[in-house]
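Notes to accompany the following structure.
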Amino acid sequence: MSKYDYAKLRYLNVQPTNHEGHPLIFLNDPLELSPHYALVPPQFGIVLATCDGEHTISDMQRETIAYTGILLSETDINYILAELDKVFFLDNERFAQEQINIVNKYRSAPSRPPTHVGVTYPADPNELCKYFQKFVDRVSPVEELETGNGLFSPHIDYSRGGEVYAEVWQRARKLVREAECIIVFGTDHYGILFGQITPTRQSYATPFGVLPTEQTVVDAIVAAIGEKTAFEEELNHRHEHSIELALNWLHFMRDGEPCPIVPILCGSFSHFILEGNSPAKDKRFQNVVNAIKEATTGRKILTVASGDLAHIGPAFHGEHVSLAEKMKLKEIDEAMLKPVLQGDSDGFFEFIRHEEDKRNVCGTAPLYLAMKLMGDVPGQMAGYDRCVADEKGQSFVSVCGLTF
């Protein structure tokens, strides 16, 4: 019996590529738990496909012969799997221990450091202030809200969405400065588990300093859904940009003054669309919302959702977007957001479900959950744009700001 009988490949990015004129299969870890990548000869493609925890080496041989007519030796298959094991691409005890090590390192750090600093935005706080102020100066003066419950912010890069960031955060500036605790829901682009709610006890650092995570609220969420569920995908916080990019503006609006936060990543709602169910019936969501409300009773709370709207065009595996379709995009977005402006989170989700999320709206979960926490209060638009998403100008991401 081979050590790699019943081996199981982890969730990885898998795509065909060429290296020096030779076709290969490229593998890497989207979660960056392993910093390595692998290039596998195409004749081992069936081996990768059957590396699911249910096949022996002999099974992999038979499947490869059946589909390709190629006979691979047990030695070659064992070698490939051993190489994947070395870089932690197999779901086994060795990887499980490495994952524990990574979790411990993340949790023991002084804070979660900014991971897009120096690339997406300046590392120096003074330079970041100047960078943000340029966007503020470009937008028309906005009237700051005197009272309110929260906001919806983009999480696209600042170079494209900066003016929308500036408009919505300027409008909510007074609310941000007066908040005693800020709950932040962000899209989890790395999430594998559908409908997941992932808090973290780790604080978030920005170039302006550290925003401490409010432990009592995290404890309440954990009590509501369980330790294992709450932190099963906690490591996604390490590199996820959705919360990070919103927190920089939050900290900027507070002139660098810290404020307790509760960072929560939100998994995809696609299973609700596919299965015909409603998130309104999901007990976990109800329990989390109730737990946050109870844990923050008597405090001035602000709720922030970080997400973008539609992703259309070749960059997102769709057809190129014509000028007419680009103009139509705004009209469809306005129809989608109409229930949001009316304070109807379930109506918003039903619009997404009706179009089967064909426009790849990535802010669905955080916006929905934020609205539920705020009590489905009406929203107001605070900025909108359609950002180019490829070099040919055939793909677009639509973004907007909302205040509540």
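For the reader, a short list of remarks on this structure follows.
- Pairwise centroid distance, computed over Cα atoms, of the stretch 299-339 with the stretch 75-91, Å: 42 Å
- Descending semi-axes in Å of the stretch 13-102, equivalent ellipsoid built from Cα gyration tensor: 23, 17, 10
- Packing around the peptides 394-403, 340-349, 265-274, taken as the average count of other Cβ atoms within 10 Å per residue, puts them in this order, highest first: 394-403, 265-274, 340-349.
- The angle between the Cα long axis of helix 125-138 and the longest principal axis of the Cα atoms of the chain comes to about 60 degrees, rounded to the nearest 10.
- Full-stretch length increase - His19, Leu274 - with 0.36 nm per residue and alpha-carbon distance subtracted: 88.0 nm
- Extended-chain gain in nm, criterion 0.36 nm per residue less alpha-carbon gap, Lys338 and Val210: 42.4 nm
- In degrees, nearest ten, helix 345-354 long axis to first principal axis of the chain (Cα): 40 degrees
- Distance between the stretch 168-200 and the stretch 249-294 - C-alpha centres, whole angstrom: 7 Å
- Dipole check for the stretch 115-403: with +1 at the C-beta of Lys and Arg, -1 at the C-beta of Asp and Glu, and the Cα centre as origin, the magnitude is about 220 Debye.
- Between Thr75 and Glu232, the C-beta separation translates, for a Förster distance of 51 Å, into a calculated FRET efficiency of about 0.90.
- Percent antiparallel among DSSP beta bridges (both partners in the stretch 115-403, rounded to 5): 50 percent
- Among the listed pairs Lys134/Lys174; Lys105/Lys293; Lys328/Lys392; Lys293/Lys372, those beyond 22 Å (Cα-Cα): Lys105/Lys293
- Label point distance in nm, Lys174-Glu350, each placed 7 Å from Cα along Cα→Cβ: 3.5 nm
- Label point 7 Å beyond Cα of Asp390 along Cβ direction - residues of the stretch 15-44 with amide nitrogen under 20 Å: 15-18
- Overall form of the stretch 1-54 per C-alpha gyration tensor (a/c, 1.5; a/b vs b/c): oblate
- Loop-located GluC sites (Glu not before Pro) in the stretch 347-404, at most 10 other Cβ atoms within 10 Å (DSSP): Glu356, Glu391
- Anisotropy class of the stretch 198-328 from Cα gyration tensor, a/c 1.5 cut: oblate
- Dipole of the stretch 13-102 computed with +1 at Lys/Arg Cβ and -1 at Asp/Glu Cβ about the Cα centre; of Val47, Gln97, Gly21, farthest Cα towards the positive end is Gly21.
- Cα-based Kirkwood hydrodynamic radius, the chain, one decimal, Å: 22.9 Å
- Helix-only [θ]222 nm of the chain, DSSP H runs n ≥ 4, -39500 (n - 2.57) each, per residue, nearest 500: -12500 deg cm²/dmol
- Extension reserve of the His189-Ala324 stretch, reckoned as 0.36 nm per residue once the Cα distance is removed: 45.7 nm
- Using the Cβ-Cβ distance between His239 and Asp124 with R0 = 30 Å, the FRET efficiency computed as 1/(1 + (r/R0)^6) comes to roughly 0.85.
- Of the trypsin sites (Lys or Arg not before Pro) in the stretch 1-90, those whose Cβ has at most 12 other Cβ within 10 Å and which sit in DSSP loop: Lys3
- Length-normalised contact order of the chain in % [C-alpha pairs under 8 Å, at least 6 apart]: 17 percent
- Charge dipole (debye, nearest 20) of the stretch 263-352; +1 at Cβ of Lys and Arg, -1 at Cβ of Asp and Glu: 460 debye
- With Cα atoms, 0 to 90° folded angle of helix 57-68 axis to the chain main axis: 90 degrees
- Amide H partners (placed H, <5 Å) of Ala205, local residues excluded: Arg112, Leu211
- Label point at His36 placed 7 Å out along Cα→Cβ; residues across the stretch 73-92 whose backbone nitrogen lies under 12 Å: 80-90
All of the numbers you see were taken from the coordinates with simple rules; none came from a lab. Source: prediction; values computed, not measured. Please note: Cβ atoms are built from the backbone with ideal geometry, for glycine as well, and neighbour counts cover all protein chains shown.
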